[in-house]
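Have a look at the structure below before the remarks.
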Amino acid sequence: MSDTGVTVKKAENFSDWYVEVIMKAGFADYAPVKGCMIIREDAYAVWEKIQSAFDARIKSTGHRNVYFPLFIPESLLKKEAEHFAGFTPEVAWISQGGDTELEEKVAVRPTSETIMYATFAKWIRSWRDLPVKINQWCNIVRWETKSTRLFLRTREFLWQEGHTAHATQEQAEEEVLYALSEYRNIMENYLAIPVIPGKKSDSEKFAGALYTTTLEAMMPDGKALQMGTSHNLGQNFAKVFDVKYIGEDKQDHLVWQTSWGISTRLLGAMVMVHGDDKGLVIPPKVAPTQVVIVPILFKSAEVEAIIAKAKEIAETLKAKGFTVILDDRQEYTPGWKFNQWELKGVPVRVEIGPRDLKQGQVVMVRRDTGQKNPVKEADIPAAAEMLLDEIQKNLFAKAKAFMQQNTYTVQTYDEFKRVLCEKGGFLKASWCGSSDCEAKIKEETGATIRVLPFDKEETKSGCVHCGEPAKDIVYFARSY
């Protein structure tokens with residue numbers, strides 16, 4: 001790979017562009033273990049921003065963070081057969097510790113339902129113990145056999161997993177939708193990525209769940225990406241792990257449970273949706289650095305004065321709560337610095353040179369559009385705030401317009417296959433509800449039902465595959 005800027009065009013080779021941008025921007029690197037990745041400083045800073053925003057929201061509603069072991073005994077996974085079968089192909093097993101063979105194999109955490117719910121059975125005794133609302137930030141290992149892709153599909157990744165137990169079905173259903181709404185807030189208001197909320201089909205739901213709700217986004221290559229899921233587990237796990245409580249009626253009752261999660265694949269989505277041929281474009285709310293100040297230095301008596309003014313501006317912006325870097329390195333040209341910070345996706349660049357110093361101004365440059373605006377020194381904090389807000393809104397509006405322009409309503413199976421092949425994107429189509437039709441469409445086209453949207457539309461034709469009366473209009477797409 002060349003050491004220069006991005007050499008692959010996003011519109012010409014999306015896959016290679018994606019990898020090149022991530023690597024050259026210093027967002028991630030490949031690990032020595034195949035299928036694993038190193039999350040580098042800027043990417044981890046974005047994850048911390050997501051974590052901070054989401055953590056504050058769920059703590060305000062009584063959720064508390066915990067940490068459970070990375071290792072799960074095989075007997076616990078096997079106890080919930082449907083759940084275990086769903087994860088068996090991806091489980092990484094440990095059978096030996098040092099030179100000693102283990103009496104029982106342990107799984108490296110593929111998800112935490114089983115180990116947590118065996119513990120819930122000890123914690124929960126009475127209706128007074130409910131609800132239990134816990135959350136865990138941790139790593140997950142799923143030994144992917146498919147081809148891996150940075151952030152989107154790796155054998156180890158970081159995630160957040162919420163787990164709750166409730167006295168009633170209604171409370172569990174409220175929790176499922178609450179978690180989904182908080183995810184949507186992060187995705188749309190922080191990452192500036194529009195999503196479609198709804199349910200998964202039975203064949204696509206989480207193993208062991210009554211139903212799964214999801215948030216689906218469209219990537220620039222027309223493929224769908226599942227951004228986050230929230231599951232109503234009903235009483236399935238409670239029955240297996242004997243999670244009961246004594247109610248106010250003095251009788252035993254099974255709890256109702258939920259689980260929900262988002263992962264570092266959100267970072268991959270952000271790169272794909274907003275990045276361009278110059279590199280990353282990071283939404284201001286999650287940007288590790290919101291403003292970079294680049295002094296335009298020449299070998300003259302003004303160098304010290306320009307640097308001094310740049311430092312003053314940097315301190316002023318920092319005092320107002322902006323994250324700022326002053327790039328006063330003199331071994332690099334201003335043009336080289338511009339390219340580097342564009343590659344890294346910093347939302348706003350502030351330039352100050354000899355002419356600006358004399359005129360008491362700076363030049364502000366938007367990363368999303370490249371637009372340049374002269375700004376008087378006194379107006380810099382207000383202009384930066386306004387510009388960051390405009391960039392945040394513009395990135396979301398642009399992504400939403402793309403999704404709308406690439407969502408197609410199809411009536412027949414021939415039209416379905418033609419549009420999928422020629423255009424990709426989301427295909428809204430009528431579906432009879434049959435898992436057989438769903439499986440055949442997947443086998444024949446590679447498209448799956450991504451979401452049964454909450455905003456239901458009236459069916460006006462038969463099932464797109466079999467022609468029988470349709471139950472729902474659903475979104476199909478090929479996906480990551």
Could you go through segment 224-236 and let me know if any residue there is farther than 23 Å from Leu70 by Cβ, out of contact with any strand residue (DSSP E or B) (no Cβ under 7 Å at 6 or more places or on another chain) and of a type in the set (A, V, I, L, M, F, W, C). no
Looking only at segment 444-471, which residues are without any contact (Cβ under 8 Å) to a residue 60 or more places away in the chain and aliphatic (A, V, I, L, M)? Ala447, Val464, Ala470
Restricting to segment 117-137, what's the tally of residues that are open to solvent by less than 10 Å² (accessible area, probe 1.4 Å) and under 29 Å from the mean Cα position of the chain (by Cα)? 4
Among the residues of segment 301-309, are any more than 30 Å from Lys78 (Cβ to Cβ), hydrophobic (A, V, I, L, M, F, W, C) and part of a loop (DSSP other than H, G, I, E, B)? yes
Here the residues within segment 349-387 that are among the β-branched types (Val, Ile, Thr) and either under 30 Å from the mean Cα position of the chain (by Cα) or assigned to a strand (DSSP E or B) (or both) are Val350, Ile352, Val362, Val363, Val365, Thr369, Val375
What single numbered condition from (1) free of Cβ contacts under 8 Å to residues at least 60 places away in the same chain; (2) touching a strand residue (DSSP E or B) at 6+ places or on another chain (Cβ under 9 Å); (3) surrounded by fewer than 24 Cβ atoms within 10 Å (Cβ to Cβ) fails to hold for Lys250? (2)
Near pairs, Cβ below 6 angstrom, 6+ apart or cross-chain, from segment 136-152 (farther than 20 Å from Ala43 by Cβ) to any residue that is part of a strand (DSSP E or B) and open to solvent by less than 20 Å² (accessible area, probe 1.4 Å): Gln136/Glu161; Trp143/Ala92
Do you know which residues across segment 335-354 are more than 22 Å from Val46 (Cα to Cα) and open to solvent by less than 10 Å² (accessible area, probe 1.4 Å)? Ile352, Gly353
Got a sec? Which of Ile391, Ile325 is touching a strand residue (DSSP E or B) at 6+ places or on another chain (Cβ under 8 Å), modelled with pLDDT of 95 or more, surrounded by fewer than 18 Cβ atoms within 10 Å (Cβ to Cβ) and under 27 Å from Val19 (Cβ atoms)? Ile325
Ala45 being open to solvent by less than 70 Å² (accessible area, probe 1.4 Å), hydrophobic (A, V, I, L, M, F, W, C) and either at negative phi or not in a helix (DSSP H, G or I) (or both): yes
Pairs, first in contact (Cβ under 8 Å) with a residue 12 or more places away in the chain in segment 51-65, second among the acidic types (Asp, Glu), C-beta under 7 Å, six or more apart: Phe54/Glu182; Arg57/Glu182; Ile58/Glu182
Output the residues belonging to segment 355-373 that are open to solvent by 40 Å² or more (accessible area, probe 1.4 Å), out of contact with any helix residue (DSSP H, G or I) (no Cβ under 8 Å at 6 or more places or on another chain) and farther than 23 Å from Val271 by Cα. Arg355, Lys358, Gln359, Lys372
Would you confirm whether or not segment 441-464 contains a residue that is touching a strand residue (DSSP E or B) at 6+ places or on another chain (Cβ under 7 Å), in a loop (DSSP other than H, G, I, E, B) and among the β-branched types (Val, Ile, Thr)? yes
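Of all the residues that make up segment 71-94, how many are part of a strand (DSSP E or B) and open to solvent by less than 60 Å² (accessible area, probe 1.4 Å)?
The qualifying residues number 4.
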So, of the residues in segment 197-214 that are touching a residue at least 40 places away in the same chain (Cβ under 8 Å) and under 24 Å from Ala56 (Cα atoms), which turns out to be most open to solvent (accessible area, probe 1.4 Å)? Pro197
Okay, strands (runs of 3 or more DSSP E) sitting entirely in segment 153-236 with 2 or more residues that are closer than 30 Å to Asp29 by Cα, I get 156-166, 211-218, 224-234
Positions within segment 171-196 being more than 18 Å from the chain's Cα centre (by Cα), within 24 Å of Glu82 (Cβ to Cβ) and open to solvent by 10 Å² or more (accessible area, probe 1.4 Å), in sequence order: Gln171, Glu173, Glu175
Please determine, by comparing only the residues of segment 404-429 that are open to solvent by less than 10 Å² (accessible area, probe 1.4 Å) and assigned to a strand (DSSP E or B), which one is farthest from Val464 (Cα to Cα). Phe426
Could you give me the residue pairs with C-beta distances under 6 Å whose first residue belongs to segment 24-37 and is of a type outside the set (Val, Ile, Thr) and loosely packed, with under 14 Cβ neighbours inside 10 Å, whose second residue is modelled with pLDDT of 95 or more and not in a loop (DSSP other than H, G, I, E, B) wherever it lies, and which are 6+ apart or on separate chains? Asp29/Ile38
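The values are calculated or read from the model by the stated rules, or taken from the named source; none is laboratory data. This is a predicted model, so every value here is computed, not measured. Note that each Cβ is placed from the backbone with ideal geometry, even for glycine, and that neighbours are counted across all protein chains shown. Note: accessible area is taken over every heavy atom of the protein model, side chains too, but ligands, DNA and RNA are not part of it. Shrake-Rupley method; radii C 1.70, N 1.55, O 1.52, S 1.80 Å.
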